[in-house]
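Read through the structure below, which is laid out as structure tokens, and then see the notes.
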Amino acid sequence: MPDFTDIGVLDYATLRQILDDANARKRLRDGLPRGAPDADRPLAGRILAMIFEKPSTRTRVSFDVAMRQLGGQTIEMSGSTMQLDRGETVADTARVLSRYVDAIMIRTPRHEVLDELAAGADVPVINGLTDRSHPCQVMGDIMTFEEHRGPVQGAKIAWIGDGNNMAATWIQASAKFGFHLDLACPSELSPDADILSWAQAQGASIQIVGSAADAAAGADCVVTDVWLSMSDETPTSAAATTTRQELLRPFQVNSEIMSLAQSQALFMHCLPAHRGQEVTGDVIDGPNSVVWAEAENRLHVQKGILNWCMI
Ligand code: CP
Ligand code: NVA
């Protein structure tokens, strides 16, 4: 069965097909009440299991609503409400869930758990965020960029901040979608070296630059994310958090940084955001910010992903 585990393992035609489906479905819903199903309800009779081992607002609600609008249903679980936290293996859990449901979406702090689940399941498995990547989000981000600025191919995207799971996913996307990516991260918080080497071996146009200003210069889109990701939260000390914040402070996206980008440059953030840390309020709430469109497009992109996996 097709799994949606990472942008890097899918071919461009598949990624484009998912985006085309998402865009078409978004257009067809113009004027419909939010609760109304899509006209064709392609997933009628299908069930998606959603496992959350970490908190979520957007991923939880957008997958649930996407399934309902496509005619299907969801079951939501967490490690602690399943037998996973009492020692049942991921592989056994995968085999059992495959007897009940049509697909599984999981948010887990360890990417290895996602891979184990995908290996053991007979139904499609979707990555709802791991410590390594967040492919559903970046698909929504590419959709949002193209909606506002046209084809992403050849554009210049600036990643500024922590070299975290979102940075790694933008790196994978750069290799697949053919946009230039400049990343400015503290050297102590550099993006995943294996993913970076993989992308460079694919011929991706990616540079690690020394400062937020260097990344932002001439960019068509500036992207950032929280300074402390969910997988970094434990175990940590107050001192470690302070050090992290000190390292990241020069990588804040503020109006001075945005002024170096193209005048129409978009600002993106997957949310949740911390105004005053990775981004200032005037930028995230300003005219170039498309963060609410990004959040909405999660719904449309989940539909493209679910349809591709299950039909
Ligand atoms: N951007 C995102 O994945 O948000 P949630 O953590 O709320 O799902
Ligand atoms: N990098 C963040 C993204 C949240 C959607 C995290 O992993 O917590």
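Of the residues screened, THR236 is not one that is modelled with pLDDT under 95, among the polar types (S, T, N, Q), within 24 Å of ARG110 (Cβ to Cβ) and assigned to a helix (DSSP H, G or I).
Checking the structure you have, find out if any residue of the stretch 265-280 is away from ligand 2 (no atom under 15 Å from the Cβ), part of a loop (DSSP other than H, G, I, E, B) and in contact with a Leu (Cβ under 7 Å, 6 or more places away or on another chain).
Pass one, the stretch 265-280, residues away from ligand 2 (no atom under 15 Å from the Cβ): 265-267, 275-276, 280.
Next, from what is left, pick out any that are part of a loop (DSSP other than H, G, I, E, B): 265, 276, 280.
Then keep just the ones that are in contact with a Leu (Cβ under 7 Å, 6 or more places away or on another chain); that gives none.
There is no residue in the stretch 265-280 that is away from ligand 2 (no atom under 15 Å from the Cβ), part of a loop (DSSP other than H, G, I, E, B) and in contact with a Leu (Cβ under 7 Å, 6 or more places away or on another chain).
Of the helices (runs of 4 or more DSSP H) lying entirely inside the stretch 130-223, those containing at least 1 residues that are touching a residue at least 40 places away in the same chain (Cβ under 8 Å) and under 18 Å from the mean Cα position of the chain (by Cα) are 135-149, 165-177, 193-201.
Taking the stretch 70-126 as the range and being within 16 Å of ligand 1 (Cβ to nearest atom) and farther than 23 Å from GLN137 by Cα as the test, no residue passes. Does GLU278 satisfy the criteria of being of a type in the set (D, E, K, R), within 30 Å of GLY35 (Cα to Cα), within 16 Å of ligand 1 (Cβ to nearest atom) and at pLDDT 95 or above? The answer is no for GLU278. Across the stretch 48-83, the qualifying residues are those that are surrounded by fewer than 17 Cβ atoms within 10 Å (Cβ to Cβ) and assigned to a strand (DSSP E or B), and the one among them that is farthest from ligand 2 (Cβ to nearest atom) is GLN73.
Give the stretch 170-197 a look and list any residue that's within 12 Å of VAL223 (Cα to Cα) and either within 16 Å of ligand 1 (Cβ to nearest atom) or of a type in the set (Lys, Arg) (or both), or say none. Of everything in the stretch 170-197, just one residue is within 12 Å of VAL223 (Cα to Cα) and either within 16 Å of ligand 1 (Cβ to nearest atom) or of a type in the set (Lys, Arg) (or both), namely TRP170. Taken as a whole, the structure leaves GLN302 outside the set of residues that are of a type in the set (S, T, N, Q), at pLDDT 95 or above and more than 16 Å from ligand 1 (Cβ to nearest atom).
The values are calculated or read from the model by the stated rules, or taken from the named source; none is laboratory data. Please read these numbers as outputs of a predicted model, since none were measured by experiment. Every residue, glycine among them, receives a Cβ derived from its backbone with ideal geometry; neighbour counts consider all protein chains shown.
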